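Asker: Starting off with a structure, shown below.
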Amino acid sequence: GEEVAQTPKHLVRGEGQKAKLYCAPIKGHSYVFWYQQVLKNEFKFLISFQNENVFDETGMPKERFSAKCLPNSPCSLEIQATKLEDSAVYFCASSADSTGGTEAFFGQGTRLTVV
Amino acid sequence: SQQGEEDPQALSIQEGENATMNCSYKTSINNLQWYRQNSGRGLVHLILIRSNEREKHSGRLRVTLDTSKKSSSLLITASRAADTASYFCAPALYGNKLVFGAGTILRVKS
């Protein structure tokens, strides 16, 4: 597609439940990024993929968070046993490559509310 | 800590005036990108400036980059009410990893 598509737009989970977010990058883009925005403040980098391979996972919490980008499927970000502090908007972005002149395009985000 | 730090945190101007936002960062970058976020929505890509460029224009936007001072500025000329939004600078590190600051909230009064 011509835009990064994220689903669902909103997700409400009780503490301890699992949350799974999806992202379809722009067709032809080989890099996918996940960011977390808490309370309209800073964006925290979580993880990036080059095609189906993890490229940089330095921002991923060691526990409870996992992500995948499988061929012919939307990418996913999964949070096991959600906590209140996981409440945030999760943004996915994609770019054509990782060189110095490539824009990253963002989806509309998934707002996760943990209650 | 986050790389990009915007200044000011908030800016309120009249329609037709120019708005200038500044950004500082800490390490070497591949490029620097500016984004706009309208309330509660996704990020809209505004402009990218490469590390070997000093200035770039796009419509009413002008971006400068000074890698020796590790700083960038975004100028919006002849502002409109529709420019009201949060603006983020995002230095891009290796692998196009973007590191955002807290943003500048711009309010343009009509």
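Asker: For residues that are under 17 Å from A:Phe55 (Cα atoms) and open to solvent by 50 Å² or more (accessible area, probe 1.4 Å), tally how many sit in the stretch A:80-102.
Answerer: Adding up the residues that qualify gives 2.
Asker: Output the qualifying pairs, or none if there are none: Cβ atoms under 8 angstrom, residues six or more apart or on different chains, first residue in the stretch B:47-60 and at pLDDT 95 or above, second residue surrounded by fewer than 16 Cβ atoms within 10 Å (Cβ to Cβ) and in a loop (DSSP other than H, G, I, E, B).
Answerer: B:Arg60/B:Thr77; B:Arg60/B:Ala78
Asker: List the strands (runs of 3 or more DSSP E) inside the stretch A:24-111, counting only whole elements, that have at least 1 residues being under 25 Å from B:Glu5 (Cα atoms).
Answerer: Those strands (runs of 3 or more DSSP E) span A:31-37, A:43-50, A:53-56, A:88-95.
Asker: With (1) outside any strand (DSSP E or B); (2) within 14 Å of chain A (Cβ to nearest Cβ); (3) open to solvent by 10 Å² or more (accessible area, probe 1.4 Å) as the list, and B:Ser86 as the residue in question, which single condition is left unmet?
Answerer: So the condition that B:Ser86 fails would be (1).
Asker: Could I ask something else about it? Can you tell me how many residues in the stretch A:90-113 are within 7 Å of chain B (Cβ to nearest Cβ) and charged (D, E, K, R)?
Answerer: Residues meeting the conditions: 1.
Asker: With respect to the numbered conditions (1) more than 14 Å from chain A (Cβ to nearest Cβ); (2) open to solvent by 20 Å² or more (accessible area, probe 1.4 Å), which one is the sole condition not fulfilled by B:Ser72?
Answerer: (2)
Asker: In the stretch B:71-105, which residues are at positive phi and modelled with pLDDT under 95?
Answerer: Once the filter is applied, which keeps residues that are at positive phi and modelled with pLDDT under 95, the stretch B:71-105 yields B:Gly95, B:Asn96, B:Gly103.
Asker: Scanning the stretch B:57-68 for residues that are open to solvent by less than 60 Å² (accessible area, probe 1.4 Å) and under 12 Å from the mean Cα position of the chain (by Cα), which turns out farthest from the other protein chains (Cβ to nearest Cβ)?
Answerer: Across the stretch B:57-68, the extreme among qualifying residues is B:Thr64.
Asker: Quick one: what pairs do we get from the stretch A:39-57, first residue at the interface with chain B (Cβ under 10 Å from one of its Cβ atoms), second acidic (Asp, Glu) and open to solvent by less than 70 Å² (accessible area, probe 1.4 Å), C-beta under 6 Å, 6+ apart or different chains?
Answerer: A:Ser48/A:Asp56
Asker: Among what's in the stretch B:1-55 and is open to solvent by 50 Å² or more (accessible area, probe 1.4 Å) and β-branched (Val, Ile, Thr), pick the residue that is farthest from the other protein chains (Cβ to nearest Cβ).
Answerer: B:Thr20
Asker: Next question, about the same structure. Can you go through A:Ala67, A:Ala81, A:Ala24 and tell me which one is over 25 Å from B:Tyr87 (Cβ atoms) and touching a Pro at 6+ places or on another chain (Cβ under 6 Å)?
Answerer: Exactly one of A:Ala67, A:Ala81, A:Ala24 is over 25 Å from B:Tyr87 (Cβ atoms) and touching a Pro at 6+ places or on another chain (Cβ under 6 Å), namely A:Ala24.
The values are calculated or read from the model by the stated rules, or taken from the named source; none is laboratory data. Quantities reported herein were computed from a predicted structural model and do not represent experimental measurements. All Cβ positions, even for glycine, are placed from backbone atoms using ideal geometry, and neighbour counts span all protein chains on display. The accessibility values were calculated without ligands, DNA or RNA, using every heavy atom of the protein model including side chains. Shrake-Rupley method; radii C 1.70, N 1.55, O 1.52, S 1.80 Å.
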